[in-house]
C-alpha cells in the first residue's frame, strides 16, 4: 500500500526526482511542527508508515510523515535482509535527502521511525550524517545484530535513539534471523529481542551510549494497545499513538 503521494508544500519540493529517494508523503499538515521519516521493514509492506499516517490523520497531529521506500519490492523479504550493497546505497541516499531537508528547513525537527529490517538502512544513515542532524530516532523490533555499531547513529541523533524490544518475538527475530542471519550480517540474536550491546572503544563511547541509547522491553502494560510482544506489535496504531508519537512532539521525551 502507498500513500496518495500528495506533495507537502515547501517541504520536499524537488527532492523526489527519479534519481533520488523514492518517497511518499502524507498531505497534512502544511505547516508541521516536525517531520517523521519512516523506514519500513523488508518486503515492501509499508505497514509502519501506513499506521503512523493513520494516527497522524485521525488525531490531526502537526506531523509530516514521509515514507522512504528502500525495498527491492513487494514480497522480496530475503533480498532486503541479506543484500548489504543495497543497504549501503539506501543509507547513503537517505542521508543525502535528510541533509537537504535540514538545509531547506533548518528549524524543522527531523525524526526517524524504523521497523525491523529497516534498521539495516538506519544504521548506515548515521555513517553519513553530521552530529545532531536528526532529532529523535525510534527503532521498533530492529532486525540488525545486537552487536551492530550504533555509535554513528547515536551521534547523529540529538535526542537519542529509543529501541523497543521483545523477548516474545521468537519467530521473526528468533527463528527467522537465526536461519538467514540478522539484517546486514553479524551474529545473532537480532537486537529487537534483547537490545544492543554497546561498542565501546573508549570513555567517549561509553558516555555516548549512556546519554543517547534507551531500551524499552515489551511488558504486559502494552497489551491493551494490541502490542502483545510479537514482531508487528510496535506498529499497532494505538501503541504508536500512546508511546511513540508523543516523543516526536515533546522535546522533553
Open item on the list: Pull out all pairs, ordered by first then second residue, where Cβ-Cβ is under 6 Å, the residues are six or more apart or on different chains, the first lies in the range 158-187 and is at positive phi, and the second is in a strand (DSSP E or B) and at pLDDT 90 or above.
Closed with: 184/144; 186/145
Open item on the list: Please go through (1) closer than 18 Å to residue 49 by Cα; (2) not in a loop (DSSP other than H, G, I, E, B) for residue 99 and return the number of the only condition it doesn't satisfy.
Closed with: (1)
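If you scan the range 161-173, which residues turn out to be surrounded by 18 or more Cβ atoms within 10 Å (Cβ to Cβ) and outside any strand (DSSP E or B)?
166, 169, 172, 173
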TODO: Tell me, please, whether a residue that is touching a helix residue (DSSP H, G or I) at 6+ places or on another chain (Cβ under 9 Å), under 29 Å from residue 128 (Cβ atoms) and assigned to a helix (DSSP H, G or I) can be found in the range 211-230.
DONE: yes
- [ ] Return yes when residue 109 is in contact (Cβ under 8 Å) with a residue 12 or more places away in the chain, in contact with a strand residue (DSSP E or B) (Cβ under 8 Å, 6 or more places away or on another chain) and surrounded by fewer than 21 Cβ atoms within 10 Å (Cβ to Cβ) and no when it is not.
- [x] yes
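For the range 32-80, name all the residues that are part of a loop (DSSP other than H, G, I, E, B) and either at pLDDT 95 or above or within 19 Å of residue 140 (Cα to Cα) (or both).
40, 41, 45, 46, 69, 70, 71
Please enumerate the residues belonging to the range 191-208 that are in contact with a helix residue (DSSP H, G or I) (Cβ under 7 Å, 6 or more places away or on another chain) and either at positive phi or touching a residue at least 12 places away in the same chain (Cβ under 8 Å) (or both). Write out each step before concluding.
Let us first name the residues in the range 191-208 that are in contact with a helix residue (DSSP H, G or I) (Cβ under 7 Å, 6 or more places away or on another chain), namely 192-193, 198-200, 205, 208.
Scanning the range 191-208 gives 192, 193, 198, 199, 205, 208.
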Open item on the list: Looking at the range 184-195, can you tell me whether even one residue there is over 19 Å from residue 84 (Cα atoms) and in a loop (DSSP other than H, G, I, E, B)?
Closed with: yes
Task: Cross-chain or 6+ apart pairs with Cβ under 9 Å, the range 51-77 first and at positive phi and in contact (Cβ under 8 Å) with a residue 12 or more places away in the chain, then loosely packed, with under 15 Cβ neighbours inside 10 Å and in a helix (DSSP H, G or I) - done: 73/79
- [ ] Could you tell me which of the residues 184, 192 is surrounded by fewer than 24 Cβ atoms within 10 Å (Cβ to Cβ) and under 16 Å from the mean Cα position of the chain (by Cα)?
- [x] 184
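The values are calculated or read from the model by the stated rules, or taken from the named source; none is laboratory data. Quick caveat: nothing in here was measured; it's all calculated off a predicted structure. For neighbour counting, all protein chains shown are included, and Cβ atoms are generated from backbone atoms with ideal geometry for every residue, glycine included.
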